[in-house]
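The values are calculated or read from the model by the stated rules, or taken from the named source; none is laboratory data. Since the structure is predicted, the reported quantities are computational estimates derived from the model, not experimental observations. Keep in mind that these areas ignore ligands, DNA and RNA; they rest on the heavy atoms of the full protein, side chains included. Shrake-Rupley method; radii C 1.70, N 1.55, O 1.52, S 1.80 Å.
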Amino acid sequence: MTEELQRCGWGNSAPEYVTYHDEEWGTPLHGDDALFERLCLEAFQSGLSWITILRKRPAFRAAFAGFSVPAVAAFTDDDEARLMADAGIVRNRAKIAAAVRNARAALELPEGLDALLWSFAPDGPRRRPAALAEVPATSPESVAMAKELKRRGFAFVGPTTAYALMQATGMVDDHVADCFRATAPGAAG
């Protein structure tokens with residue numbers, strides 16, 4: 001009999017969460033398109049369960065041209081209408097419009113989306129949370145990231161969404177202390 005891996009509490013609640021927790025969440029992610037996808041999905045998740053987004057992610061990828069920043073930036077009103085009719089994704093007009101707006105804003109970044117987002121990753125080790133209750137919903141860095149993204153024309157990028165993006169993409173490592181994925185004390189990989 002093999003011993004069950006110790007995970008963050010949410011990581012065992014559904015098969016999709018096990019895979020996401022074990023293979024993606026908290027793993028450093030780079031690339032403008034990859035980070036654009038995560039930024040969009042975190043915005044679509046707002047007010048919903050993350051499991052809903054995970055289950056719809058293949059449909060999101062198909063509907064949003066693989067989250068290619070230039071492709072989404074070129075979306076027209078007809079594309080937005082197509083997306084509103086796509087039952088495979090979350091059909092929220094404001095969030096769909098924000099994804100297109102954010103792609104256009106990302107194209108305007110001289111340094112690129114990857115460099116901008118990662119510039120907000122905290123330096124040095126942080127105290128690892130002992131339990132989920134110790135994991136914050138925001139941080140000074142996520143507040144600053146959200147403010148800068150909004151200044152540059154992005155939408156649906158509040159401090160909580162920015163912090164969730166930072167957690168998901170390994171800018172911060174919030175795996176709890178007894179999780180098998182926990183690395184050095186709160187260090188980003």
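Listing for the model above:
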| item | result |
| --- | --- |
| The chain: most fluctuating residue of Thr161, Thr27, Thr19 per GNM, C-alpha cutoff 10 Å | Thr19 |
| Of Asp33, Asp78, Asp173, the one that fluctuates the most in a GNM where the chain has Cα springs shorter than 10 Å | Asp78 |
| Stokes-Einstein D (µm²/s) once Rh is taken as the Kirkwood radius of the chain over alpha-carbon pairs, at 10 °C in 1.306 mPa s | 93 |
| Kirkwood Rh in Å, taken over all unlike Cα pairs in segment 59-106 | 10.4 |
| Computed over segment 72-178, Kirkwood Rh from alpha-carbon pairs, angstrom | 15.4 |
| Volume per residue of the C-alpha convex hull in segment 118-189, rounded to whole Å³ | 79 |
| For segment 78-100 versus segment 37-76, the gap between their alpha-carbon centres in whole angstrom | 10 |
| Accessible area in square angstrom per residue, segment 60-116, 1.4 angstrom probe | 47 |
| 0 to 90° range, to nearest 10: angle between helix 93-107 axis and the chain longest Cα axis | 90 |
| The chain: angle of helix 140-151 to the longest principal axis, Cα-based, in degrees nearest 10 | 10 |
| Viscosity 1.567 mPa s, 4 °C: Kirkwood-radius Stokes-Einstein D of segment 1-113 over Cα pairs, µm²/s | 85 |
| Tilt relative to the chain, helix 159-168 - C-alpha long axis, 0 to 90 degrees, to 10 | 60 |
| Karplus-derived HN-Hα couplings along segment 131-136 (A = 6.51, B = -1.76, C = 1.60, θ = phi - 60°), whole Hz, x at Gly and Pro | 8, 4, 4, 8, 7, x |
| Choice from Ala146, Ala74, Ala99 showing the highest fluctuation, given a GNM over the chain with Cα pairs closer than 10 Å | Ala74 |
